[in-house]
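My questions all concern the structure below.
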Amino acid sequence: MDINGRIAVVTGAAGGIGSALVGALVDAGARAVVATDVAVAGVEAVAKAVNGDRATAGSGAPVVVRRLDVTDSAATAALVDEIESSIGPIDLWFANAGLAGGGGPEAPDDVWQRQWDVNLMAHVHATRALLPGWLARGEGYLITTASMAGLLTTLRDGVYAATKHAAVGYAEWLAITYGDQGVKVSTICPGAVNTAMLRGGADGDAAKAAAIIGGGDVLEPADAAARILAGVADERFLILTHPDLGELVIRKAQDPDRWIRGMRRLWGRAQELFNPTA
């Protein structure tokens, strides 16, 4: 899809990949980008920075700020209606908001539920609100943010791995079910991107975080956003910020038992990284 002249919405836009996507979409010629988050101050700062740069160049201020709790189905539907009545039809919806830091079966039920609501159900709420209009127009593009954890796994965080697998599965189902009716679907599976979420799962150390998902270079958010929009331009279903990690997906599919044995060895090394005196 050509982004030039389009209207896009980005959730979880207050920082990380979300804020980088806002700037990249404007650079790509989007007519308007609605930047949403529960952290309104953060998303307002993003909009000010992006709009300020464009205003200085005389090209206007295309970023619009809206508060959205993506776990709230009614609020999501209301926001879709408000944008389409006040700005115009939504062409692209980047369901980017995400949450990590769960653990395993010992994690409380409310931790499991919160990640389920943010990492999967937010995508369900968005499609409930968007699909009727997109199907009527014969066009629309949903881009969900999953994770390499949704294709492989993530050590130390079973909640995240499980909910991100669900996010990939839902996006795949949507692509199959509605693709012949003009609705495009992509799912972004980032590797190690230098964000607060990544560092938060690794004692503030992005390199450690890269190790627990199988390695790979730590990418800056702006570079990740550029790769994501290239994938959107090509309308690829799986958009990998680290294409080399796609080889691990192939190896996993070819020999799951071997892959699990390798990940168990990696798990042992990861425990040494996080507990060097243990």
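Amide H to amide H under 5 Å from GLY140: which residues, 5+ apart in sequence or cross-chain, H placed 1.01 Å off N in plane?
LYS184
For the residues LEU68, LEU130, what sequence is obtained by ranking on other C-beta atoms within 10 Å, fewest first?
In order of increasing Cβ crowding within 10 Å: LEU130, LEU68.
Just going by the charge dipole of the chain, with Lys and Arg at +1 and Asp and Glu at -1 on Cβ, which of GLN254, ALA166, VAL38 is farthest out on the positive end?
Going by the Cα projections, it comes out as GLN254.
Around GLY104, what is the net charge, scoring Lys/Arg as +1 and Asp/Glu as -1 over all other residues with Cβ under 14 Å from its Cβ?
With Lys, Arg at +1 and Asp, Glu at -1, the neighbours total -2.
So what is the relative contact order for the stretch 7-244, in percent, with contacts set as C-alpha pairs under 8 Å and at least six apart?
Taking the mean separation of contacting Cα pairs over the length of the stretch 7-244, I get 19 percent.
Test of understanding: given the chain, find the longest segment containing no GluC sites (Glu not before Pro) that are in a DSSP loop and have at most 16 other Cβ atoms within 10 Å.
Longest run free of exposed loop sites: 1-105.
Going by C-beta contacts inside 10 Å, put SER186, SER86 in order with the fewest on the left.
With the fewest neighbours first, SER186, SER86 line up as SER86, SER186.
So what is the relative contact order of the stretch 73-140, in percent, for Cα pairs below 8 Å that sit 6 or more residues apart?
47 percent
Another question about this same structure. For the chain, what is the number of Lys pairs with C-alpha distance below 28 angstrom, counting only pairs 8 or more positions apart or on separate chains?
Value for the chain: 5.
Now, a different point. Under the rule of at least 5 residues apart or a separate chain, name every residue whose amide H is placed under 5 Å from the amide H of VAL34.
Those lying under 5 Å, H to H, from VAL34 are ALA8, VAL9, VAL10, VAL64.
Moving on to the next point. About the Cα centre of the stretch 7-244, what is the dipole size in debye to 20, counting +1 per Lys and Arg Cβ and -1 per Asp and Glu Cβ, all else neutral?
With only Lys, Arg, Asp and Glu charged at Cβ, the dipole is about 220 debye.
Continuing with this model, one more query. Please get the size of the charge dipole for the stretch 28-126, origin at its Cα centre, with Cβ charges of +1 on Lys and Arg and -1 on Asp and Glu, quoted in debye to the nearest 20.
Using only the charged Cβ atoms, the result is roughly 480 debye.
Right, next: If you count, for each residue, the other Cβ atoms within 10 Å and average over each peptide, how do 144-150, 258-264, 37-43 line up from highest to lowest?
Order by mean packing, descending: 144-150, 37-43, 258-264.
Now a separate question. Among THR145, LEU25, PRO105, which residue has its Cα positioned farthest towards the positive end of the charge dipole of the stretch 7-244, with +1 placed on the Cβ of Lys and Arg, -1 on the Cβ of Asp and Glu, and the dipole taken about the Cα centre?
LEU25
Amide H to amide H under 5 Å from LEU238: which residues, 5+ apart in sequence or cross-chain, H placed 1.01 Å off N in plane?
Here the answer is THR187, since their amide H atoms fall under 5 Å of that of LEU238.
Next question, about the same structure. Which one of GLY52, LEU240, LEU131 is farthest out on the positive end of the charge dipole of the chain, using unit charges on Cβ (Lys, Arg +1; Asp, Glu -1) and the Cα centre as origin?
Of GLY52, LEU240, LEU131, it is LEU240.
Here is a follow-up. Helix-only estimate, please: 222 nm mean residue ellipticity of the chain, summing -39500 (n - 2.57) across DSSP H runs of length 4 or more and dividing by its residues, to the nearest 500.
Per the formula, -16000 deg cm²/dmol.
No value in this document is a laboratory result; all are computed from the given coordinates. Owing to the predicted nature of the structure, the values given are computational and were not obtained by experimental measurement. Counting neighbours? That spans all protein chains shown, and the Cβs are built from the backbone with ideal geometry, glycine included.
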